[in-house]
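The values are calculated or read from the model by the stated rules, or taken from the named source; none is laboratory data. Remember, it's a predicted structure, so these values are computed and weren't measured experimentally. FYI the Cβ positions are ideal-geometry reconstructions off the backbone, even for glycines, and counts take in every protein chain you see. Remember, those area values only see protein heavy atoms, side chains included, never the ligands or the DNA or RNA. Shrake-Rupley method; radii C 1.70, N 1.55, O 1.52, S 1.80 Å.
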Amino acid sequence: MSDEEERWVPLRNRAEFSDVIPVEQDDGPNPVVPISYKEEFRETMDYFRALYKADERSLRALHLTSIAIEFNPGNYTVWHFRRLVLEALDRDLRSELALTEHIAEGSSKNYQLWHHRRWVAEKLGTSATSEELRFTKKILSIDAKHYHAWSHRQWVLQALGGWEEELDYCNQLLEEDIFNNSAWNQRYFVITRSPFLGGLKPMRESEVCYTINAIASRPENESSWRYLRGLYKDDDSSWVNNPQISSVCLESLKAKTNCVFALSTLLDLISHGFQPNQEFTDAVDALRTSESQPRDIDVAKAACVVLQIFDPLRANYWKWYESRHFQKA
């Protein structure tokens, strides 16, 4: 198609389409805002409509869908018809992987492209696993938070396999960028879904250690704090009683910088029954920004007051949280 773009040969002058009567677009008798299409695009769609109307599932129809997709990769009708033609002709679908990769170079966030790619991979089965993981990794190397690539990758793992090296891949991405919330999400997906790791509980101890190290290095990273909490989904008792959790909170508070998530985690622990000791009281008290601020022996209420200062975008939330959870009887 790149050659055709450089030197377009009108379809009406191509022998393979000589018997086709193009069907023009019907915009009605008085279109309010008629679109000024390029001649090449207009002609391509006129010929496509003719073959689509005739339901012609032929090699020339397949070729025409390739041209139409090049002009407009978002045309779902063209993609749909292409799949019908491919099935009718029983074509080797591996060439479709090359087509979608080519289209992705200029339009990687195209829903139709990813839907077509999944359809092809599903048809090819497990023989496509490594290729699909490679393709998504290529997209993610350009845009590490690419929603379509992550969605497709998760589908591949669940439908076609390839779990064996996925946790290592998450490690690699987080080494490159510890703030990559998509990589944290994928990590959680792997430890909870992989058939080789045993699930959340068997992985919890090692994952807690990994996450606490990540928090210690960058305590301002919300993703690692959220991931830590997620490791105790539906198990609040273990969450409250693991001394590693309260310890990383305390160390972050003592550092006196980037402590918003440590404070909110402390509040979450308290709301589930944790009893903070004097060290926590002193650490939170030391975060007060003004001597005129009233002291309160209730460390939870004090944390809410500090958060209203340190987290101004959610100041009203912390004020509500204080009144909702820690209001004196």
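Yes or no, residue by residue, for (1) charged (D, E, K, R); (2) within 18 Å of Phe81 (Cβ to Cβ); (3) part of a loop (DSSP other than H, G, I, E, B):
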residue	(1), (2), (3)
Val9	no, no, yes
Asp26	yes, no, yes
Pro31	no, no, yes
Tyr37	no, no, yes
Phe41	no, yes, no
Leu51	no, yes, no
Glu56	yes, yes, yes
Leu62	no, yes, no
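Among the residues making up segment 164-209, those that are among the small types (Gly, Ala, Ser) and either more than 29 Å from Pro243 (Cβ to Cβ) or in a helix (DSSP H, G or I) (or both) are Ser182, Ala183, Ser206. In segment 49-64, the residues that are open to solvent by less than 20 Å² (accessible area, probe 1.4 Å) form Cβ pairs under 8 Å with partners that are of a type in the set (Gly, Ala, Ser), at six or more places apart or across chains, as follows: Leu51/Ser58; Leu51/Ala61. Screening Leu197, Leu263 for residues that are within 22 Å of Phe280 (Cβ to Cβ) and either open to solvent by less than 70 Å² (accessible area, probe 1.4 Å) or at pLDDT 95 or above (or both) leaves exactly one candidate, Leu263. In the set (1) more than 22 Å from Leu59 (Cβ to Cβ); (2) buried (at least 18 other Cβ atoms within 10 Å of the Cβ), Leu86 fails one condition alone, (1).
Selection of segment 65-76 for residues being open to solvent by 40 Å² or more (accessible area, probe 1.4 Å) and assigned to a helix (DSSP H, G or I) yields Glu70, Phe71, Tyr76.
Can we say Thr211 is modelled with pLDDT of 95 or more and crowded, with 17+ Cβ neighbours inside 10 Å? Answer is yes for this residue. If you check every pair at least six apart or on different chains, which have Cβ atoms under 6 Å apart with a residue in segment 160-178 that is farther than 19 Å from Glu220 by Cα first and a residue that is open to solvent by less than 20 Å² (accessible area, probe 1.4 Å) and not hydrophobic (A, V, I, L, M, F, W, C) second? Once the first residue is farther than 19 Å from Glu220 by Cα and sits in segment 160-178, its partners that are open to solvent by less than 20 Å² (accessible area, probe 1.4 Å) and not hydrophobic (A, V, I, L, M, F, W, C) give Leu160/Thr129; Gly161/Thr129; Gly162/Thr129; Trp163/Ser194; Cys170/Gln186; Cys170/Arg187. Among the conditions (1) part of a helix (DSSP H, G or I); (2) open to solvent by 10 Å² or more (accessible area, probe 1.4 Å); (3) not charged (D, E, K, R), Val284 misses just one, which is (2). Scanning segment 216-244 for residues that are part of a loop (DSSP other than H, G, I, E, B), under 27 Å from the mean Cα position of the chain (by Cα) and not basic (Lys, Arg) yields Pro219, Glu220, Asn221, Leu231, Tyr232, Asp234, Asp235.
Checked against the criterion of being closer than 27 Å to Leu133 by Cα, among the small types (Gly, Ala, Ser) and modelled with pLDDT of 95 or more, the candidates Ser206, Ser246 yield just one match: Ser206. Within segment 245-253, is even one residue surrounded by fewer than 20 Cβ atoms within 10 Å (Cβ to Cβ), part of a loop (DSSP other than H, G, I, E, B) and in contact (Cβ under 8 Å) with a residue 12 or more places away in the chain? The answer is no; no qualifying residue exists.
So for segment 299-308 (the condition being open to solvent by 100 Å² or more (accessible area, probe 1.4 Å) and either touching an Asp or Glu at 6+ places or on another chain (Cβ under 9 Å) or at pLDDT 90 or above (or both)), does at least one residue qualify? The answer is no; no qualifying residue exists. Across segment 214-239, the qualifying residues are those that are hydroxyl-bearing (Ser, Thr, Tyr) and within 20 Å of Gln186 (Cβ to Cβ), and the one among them that is most open to solvent (accessible area, probe 1.4 Å) is Ser217.
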